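Undergrad: Here it is: the structure, laid out below.
What follows draws every value from the coordinates through simple rules; no lab data is involved. Note that the structure is a prediction, hence the values are computed from the model and not measured. Ideal geometry is used to build each Cβ from the backbone, glycine not excepted, and the neighbour counts take in all protein chains shown.
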Amino acid sequence: MICSTGMLSERPWKPDAVLRLTMWMLLSISFGGLVVSLLIPKGDGGPAVPPNIWAIIIGTLALHGVALLLTGLLLREHQLGWREAFGFAAPGPLRAVLLAIVTTAGILPVAMWLGHLSAVVMQSLDVTPVAQPAVRSIQAVSPLWEKVVLGALTILVAPVVEEILFRGILYPVFKQARFPGLADLVRWALYPWLKARRHRRTALWVRGVLCLKLRKNGFPFLAAGGTSLFFAVTHANVMTLVPLFVLALVLTWLYEATDNLLAPILAHCLFNTANFIFLLSAQRLLD
């Protein structure tokens, strides 16, 4: 369970520094998306055309390359090393690895079923399911070196950078967010207003639960759900939105359970590896 009493240690991220990182990331994604859109072949209204390898590489650099650079600058600002910031030196590395393997084996069939269900629902609404650009590139007939590049980006680069960004930085920031000023406002304005109107139960909940969360406990479930949804949305694909959201929740739980970002990174790598092998095998059968 993702909760405020979980095993995840406090991370010293400054909200203003993380906000700057996020803004630069959004600018980089926008610029990279513009360049990629110019490189993707235009279809004639038929099936979606797979982007060429250079479009995938540029898109990866715009997101993952810039994210790594900005993370390095963030660590320098906080005077932290990579091992300290993301728990790579946490005790129990073998447990983290084993838990990642077992979790991946469990989430794979669930994610595949959710993806199939999403496609069925989209078709019932007269919406054509379209795979992600990287998936269409893997499925397309291409030279071996392109498959190798796509495999490296999919299996190694994407999981490492995405886990650092979403689970390693964004999730702890939102989980640790506290709002003492807002708690005071609620305590001295909303609570008396509810009490005066005889909403006793609601007033007691506001004073005893909401104010405490705003001041001390935070909103870990909201942090997990919000960052997981952001993770799914950044992949810009309707068909994979629900599976990726569920995957992100599981990866967040892994980080909480182990206090070591190695666990969600490894699980993400294994998840992408399984999907990559599945796509290659399916393409060979079709050929």
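Undergrad: Explain nothing, just compute: Karplus ³J(HN,Hα) = 6.51 cos²θ - 1.76 cosθ + 1.60, θ = phi - 60°, for every residue of the stretch 103-109 in order, whole Hz, x for Gly and Pro.
TA: Taking θ as phi minus 60°, the curve returns 5, 4, 4, x, 7, 4, x Hz for the stretch 103-109.
Undergrad: Please work out the FRET efficiency for the pair LEU125 and PHE278, using the Cβ-Cβ distance as r and a Förster radius of 30 Å; give the result to the nearest 0.05.
TA: So, using R0 = 30 Å, E works out to roughly 0.70.
Undergrad: If Lys and Arg each add +1 and Asp and Glu each add -1, what is the summed charge of the other residues whose beta carbon sits under 9 Å from the beta carbon of GLN176?
TA: Charge balance in the 9 Å sphere: +2.
Undergrad: So what J values fall out for the stretch 164-178 if you push phi through Karplus, 6.51 cos²θ - 1.76 cosθ + 1.60 with θ = phi - 60°, rounded to Hz, Gly and Pro as x?
TA: Along the stretch 164-178, the couplings run 4, 6, 7, 7, x, 10, 5, 4, x, 4, 6, 5, 8, 5, 10 Hz.
Undergrad: Which longest run of the chain has no exposed loop site in it, a site being trypsin sites (Lys or Arg not before Pro) in a DSSP loop with at most 10 other beta carbons within 10 Å, and the site itself not part of the run?
TA: 43-196
Undergrad: Tell me, what is the percent relative contact order of the chain, built from C-alpha pairs under 8 Å that lie six or more residues apart?
TA: Contact order relative to length: 31 percent.
Undergrad: Considering the alpha-carbon set of the stretch 160-287 alone, what are its Rg and its Dmax in angstrom?
TA: 20.6, 73
Undergrad: Follow-up. For the chain: lysine pairs with Cα atoms under 29 Å, gap of 8 or more or different chains, count?
TA: Details: LYS14/LYS175; LYS14/LYS213; LYS14/LYS216; LYS42/LYS147; LYS175/LYS213; LYS175/LYS216; LYS195/LYS213; LYS195/LYS216.
The number of close lysine pairs in the chain is 8.
Undergrad: Using modelled backbone amide H atoms (1.01 Å from N, in-plane), which distant-in-sequence or interchain residues come within less than 5 Å of PHE88's amide H?
TA: The list, which skips near neighbours in sequence, is LEU261.
Undergrad: Follow-up. With unit charges on the beta carbons (Lys and Arg positive, Asp and Glu negative) and the dipole taken about the Cα centre of the stretch 118-255, which residue among ALA196, VAL135, HIS235 sits farthest to the positive side?
TA: Result: ALA196, furthest along the dipole toward the positive end.
Undergrad: If you don't mind, there's one more thing I want to ask. For the chain, with only Lys/Arg (+1) and Asp/Glu (-1) charged at the beta-carbon, what is the dipole magnitude about the Cα centre, in debye rounded to 20?
TA: I would put it at about 1540 debye.
Undergrad: When the Karplus curve 6.51 cos²θ - 1.76 cosθ + 1.60 is applied with θ = phi - 60°, which whole-Hz ³J(HN,Hα) does each residue of the stretch 206-215 get, with x for Gly and Pro?
TA: Working through the residues one at a time gives 4, 6, x, 10, 4, 4, 5, 5, 5, 8 Hz.
Undergrad: As a footprinting exposure proxy, order MET7, MET23, MET239 by other Cβ within 10 Å, with the fewest listed first.
TA: Going from sparsest to densest Cβ surroundings: MET23, MET7, MET239.
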